[in-house]
Each structure stands twice: as C-alpha cells, then as structure tokens.
Amino acid sequence: MWYFYSPGIIYGEDALDFIENIPGQKCFIITDKIIEELGYLKILTDKLNQFGKEYTINTEAKPDPHEPDALVARQQCINYGPDLIIALGGGSVMDTAKLVWALYEFPEMNADDLHPFNPELYNMGKKAKLVAIPTTSGTGAETTNVSVISRLINNIWKKHFFLHKSLMPTFAIVDPIFPKGMPKNLTMDTAFDALAHSLEGITSQWKNEFTNAMALKAIELIFKFLPLVLKDGNNIEARDFMHQAATMAGLAFGNSQAQLAHTIGHSWGSVFHVPHGRAVGVALPYVLQYSLNIVDENNKSEEILAKVAKQLGWINWDQDNKIAANMVIEKVKELQKKIGFPLSLKEIGTPKKEVEKNLDELVTMCFEDSTSVLGPRSASGEEFRKLYLYAYEGKNVDF
Ligand SMILES: [Fe+2]
C-alpha cells in the first residue's frame, strides 16, 4: 500500500475566481506585510468583497515563522471563528496557517500534538477549510502536510517539523497573477527550491510512480521556463508554468521526501540566515554527487537520474547510466551558471571563519533534521562535515 495526497488544485490565469465556489463566508486571512504592500492582499480582498464573503486579516506572518507569533495568530483565529482560513503568501505564511488551522480545529492541543501518530487530527476541517494561495513559485507548501515553525532552543531558533497528513490544505489556488511580480533573486531562489524538491523527491527512498511523474514534469518545466521568466518577469505564460512546476514539485516531495540538500540547506539557513531556496539550491549538485558515489541495490540514484536525463532528451537512451546520471548534475550546474545563481556556499557570502566556528553545530543540526533519513545514502557526521566544506569551496564530491 502506498498513498498520494493532494489538495484540490485550481491553477492558471483567473484561478483566484474559484474562491467564489468554496463554501464558507467568514474568512481568516493570514499573510505578511510585504504581500500587503505589494498590493496582493487587495487583489484577494477585492475578490472576497465581490463574492460577498467577510474577512479579518492577520499580516504578522514572518519569514522562518516563530512559534510564539503563530500562537498569537491562532488566538486571533479562535476569537474570530472563521469557516475559511486563507493563507496568502510564501512558505512561511502557509506554514503558519497550517499550524493556526490545526490548533483552531483542536484548541485543547499544542504544537507538539501535531505529529503523524495523532489519530484525532484526521478529523480536521470540521470548523474551517484551509485555502492556500502561493505568491512565490517554489516552496510547494500549498501541497504539503508539514508546517515548519521555529522554536527557540539554546538561543537558536531551530526549525521544527509539525507533520500530519491532515495538515494538507483543502484547496491550493495557483494563480500566476501573484508570482508575476517576484524580483529576480526571489525567482531564482524559489525555483531552485522547487528543483531540489523534484530531484530529491525522485531519488528519495519513499519515491513512487505518482511522485516520479510530478517530479519529472516539474524538472522539465523549470529548465524550460526559468530562463524565460528571468529574461521577462511579465511573461505570464512562463510564470504560469513555473507556478505549476513548483506545485508539482511540492506534490513530488510532499508525498515522498526531501533529503540531504534540504538537511544542509535548513541548518545553513538557520545559522547564517540565508534564504531557504538559495542554500538548498547550492547544496543540490553536491548532494546528488554524494548520492551517486555509491551504487548498490539500496541506492538506485544512478539508474533514476540516468532515466531523468534520457526522458528529458538530454542524452541518448543507449548511453551508459553513469554518464547519463552525471549529465543531470552538469545540467543543474549549467543552469546555475546561466542565470547567475551561486555555485558554492562561499559565493553566498559567509566568511570561512564563521563556517569553521559553527561547523559542529551545523552537523548536529543535520541529525536533528527529519530530511536526513530518507535519502538514498545516509551521511555520517564526518561526511556531513565534508559535504559542507566541499559545497563551501565548490569542490566535486569524491567520497
Ligand atoms: Fe524546500
């Protein structure tokens, strides 16, 4: 038995109009100040006004959301008593909304009750449905069942993964009107997050035929349309396909698992405050190399990545799998170079002294991260240490 969970997905131009058809009159909107300043909140509230739905708004969602802030939003939600919760924003907004939704449905619970073995959570959605409207094309949080919230431990805000199948939004509205205005850096960072979701999902131990299909299509779309949206951010067709790709990539890793590029990216992001997609995207080719360096019956990465290269027409079907699998890594690096994405952690701008000072903590954080366990190859502490240093220096992984 296996499974593939998905929200109802409404996508393409004018997808936002679907909100008229979603039952629920009283909406609790969770968003952030930037989304408000960009005018996106107004696009949503204009629609709600047009459709005669009432609403109240929380604009306090923050990047890498902190638990106390999410709990304030939850109390505001309880006080308002909505039958629709609408998350309008990037991954942080949607992660905040998932936690708010669950703890609104079950006010007697706290965040630690949101785990896969809590059967009560299967009764989600009795009070409200959750509608996720992504404004960036990358996190895939509109399709996943995890809420990543930071908790202060030993003076570091550490990311915690609150996970349950029922945390998946009821609907994802994937309308390109929102990512249209993303600046170049954000477009690149979020696209590489989506690319990592695809390539990690397709090589994860929990990969399956449904997630493989989503991942493969997402990779194809990202390679084709990312250069086009970077050339012209107003190319609505390219934006639309990138937005769809990010949602597909979300379905791919959400129903399989992310792995070591996310492990490394999460800890790097926590310690050095680097955007998620940038840290993960830089780590991606190094982690893929590491995955390919051992081929055995439990590690099918070579066969899988070779098939990706062949299916996408990057190499002939009769080519050797090793050459074909490495072609994927070359293609990722080629794309990074072409669009000006950093090729190493050093290029992100962290001084080496800081890296050396924090290396032990970074490695410790890897073992606390749930994404570290489902890759095709498990890393030891020493290997994590080397992966950081190789990715920092931009060296090919030879171990
Ligand atoms: Fe991610």
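List the GluC sites (Glu not before Pro) in region 1-89 that DSSP assigns to loop (not H, G, I, E or B) and whose Cβ has at most 16 other Cβ atoms within 10 Å. Which are they? Each step should come with its number before you reach the end.
Values: sites: E13, E20, E36, E37, E54, E60; in loops: E13.
When the GluC sites (Glu not before Pro) of region 1-89 are filtered for loop state and at most 16 Cβ neighbours within 10 Å, E13 remain.
Using a probe of 1.4 angstrom, how much of the accessible area of the chain is carbon and sulfur, in percent? Could you put the intermediate results ahead of the total?
Details: 8490 of 16510 Å².
The nonpolar share, carbon plus sulfur, comes to 51 percent.
Using only Cα atoms, tell me the angle between helix 301-311 and the longest principal axis of the chain; keep it within 0 to 90° and round to the nearest 10.
80 degrees
Within region 263-323, which chymotrypsin sites (Phe, Trp or Tyr not before Pro) sit in a loop by DSSP and count at most 16 neighbouring Cβ atoms inside 10 Å? Display every interim value, and only then the final one.
Numbers: sites: W268, F272, Y286, Y290, W314, W317; in loops: W314, W317.
Loop-located and lightly packed - W314, W317.
What is the sum of charges, Lys and Arg at +1 and Asp and Glu at -1, for the other residues whose Cβ falls under 15 Å from the Cβ of E382?
Working: positive: R377, R385, K386; negative: D360, E383, D398.
Local net charge: 0.
Taking Cα atoms, how many degrees apart are the long axis of helix 209-231 and the longest axis of the chain, rounded to 10 and kept between 0 and 90?
Between the helix axis and the principal axis of the chain, the angle is about 90 degrees.
Using only Cα atoms, tell me the angle between helix 40-50 and the longest principal axis of the chain; keep it within 0 to 90° and round to the nearest 10.
That works out to roughly 40 degrees.
Can you list the HN-Hα couplings for region 152-167, worked out from phi with the Karplus curve (6.51, -1.76, 1.60; θ = phi - 60°), rounded to whole Hz and with x for Gly and Pro?
Those phi angles translate into 7, 9, 6, 6, 10, 7, 9, 6, 10, 10, 8, 10, 6, 3, 7, 7 Hz.
Looking at the square roots a ≥ b ≥ c of the eigenvalues of the Cα gyration tensor of region 204-293, which shape do they give, rounded for a/c under 1.5, prolate if a/b is larger than b/c, or oblate?
Working: a/c = 2.00, a/b = 1.24, b/c = 1.62.
Here region 204-293 falls in the oblate category.
Accessible area per residue, 1.4 Å probe, Å², for region 39-124: what's the number? Don't skip to the answer; put the middle values down first.
Working: 3560 Å² over 86 residues.
Accessible area per residue: 41 Å².
Calculate, in nm to one decimal, what F18 and F161 gain on full extension: separation in residues at 0.36 nm each, minus their alpha carbon distance.
On the way: separation 143, 0.36 × 143 = 51.48 nm, distance 3.04 nm.
So the extension gain works out to 48.4 nm.
Answer with one residue from V72, T211, G265: the one whose Cα lies farthest towards the positive end of the charge dipole of the chain, charges on Cβ with Lys, Arg +1 and Asp, Glu -1.
G265
Does region 182-393 come out rounded, prolate or oblate, given a ≥ b ≥ c as the square roots of the eigenvalues of its C-alpha gyration tensor, rounded meaning a/c under 1.5 and, failing that, prolate meaning a/b above b/c?
Working: a/c = 1.63, a/b = 1.14, b/c = 1.43.
Since a/c reaches 1.5 but b/c is at least a/b, the shape of region 182-393 is classed as oblate.
In deg cm²/dmol, rounded to 500, what helix-only [θ] at 222 nm does the chain give when every DSSP H run of at least 4 residues adds -39500 (n - 2.57) and the total is split over its residues? Spell out each step's value before the answer.
Working: 14 runs with 200 residues, N = 399.
One gets -16000 deg cm²/dmol as the mean residue ellipticity at 222 nm.
Return the percentage of antiparallel bridges among DSSP beta bridges fully within the chain, rounded to the nearest 5 %.
Details: 10 of 32 bridges.
Taking every DSSP beta bridge with both residues in the chain, the antiparallel ones total about 30 percent.
Give the separation of the Cα centroids, region 211-246 to region 94-124, in Å.
Comparing the Cα centres of region 211-246 and region 94-124, I get a distance of 32 Å.
With a 10 Å radius around each residue's Cβ, average the other Cβ atoms per peptide and rank 115-123, 357-365, highest first. Walk me through the numbers before you get to the answer.
Values: 115-123: 11.9, 357-365: 15.7.
With the highest mean Cβ count within 10 Å placed first, the list reads 357-365, 115-123.
Treating cross-link reach as a plain straight distance, find the aspartates and glutamates whose alpha-carbon is under 18 Å from the alpha-carbon of K159, omitting any fewer than eight places away in the same chain.
Hits, sequence-local ones excluded: D64, E67, D69, D95, D112, D113, D193, D360, E361, E368, D369.
So what's the net charge close to Q336: Lys and Arg +1, Asp and Glu -1, counting the other residues with Cβ under 15 Å from its Cβ?
Values: positive: K184, R278, K331, K333, K337, K338, K346; negative: D189, D193, E330, E334, E347.
That works out to +2.
Which of rounded, prolate or oblate describes region 333-399 when judged by the alpha-carbon gyration tensor and an a/c cut-off of 1.5? All intermediate terms of the calculation are to be shown ahead of the outcome.
On the way: a/c = 1.97, a/b = 1.31, b/c = 1.50.
Note, shape of region 333-399 comes out oblate.
The values are calculated or read from the model by the stated rules, or taken from the named source; none is laboratory data. Please read these numbers as outputs of a predicted model, since none were measured by experiment. Glycine also receives a Cβ, built like all others from the backbone with ideal geometry; neighbour counts cover every protein chain displayed. Please note that ligands, DNA and RNA were not included when accessible areas were found on the heavy atoms of the full protein model with its side chains. Shrake-Rupley method; radii C 1.70, N 1.55, O 1.52, S 1.80 Å.
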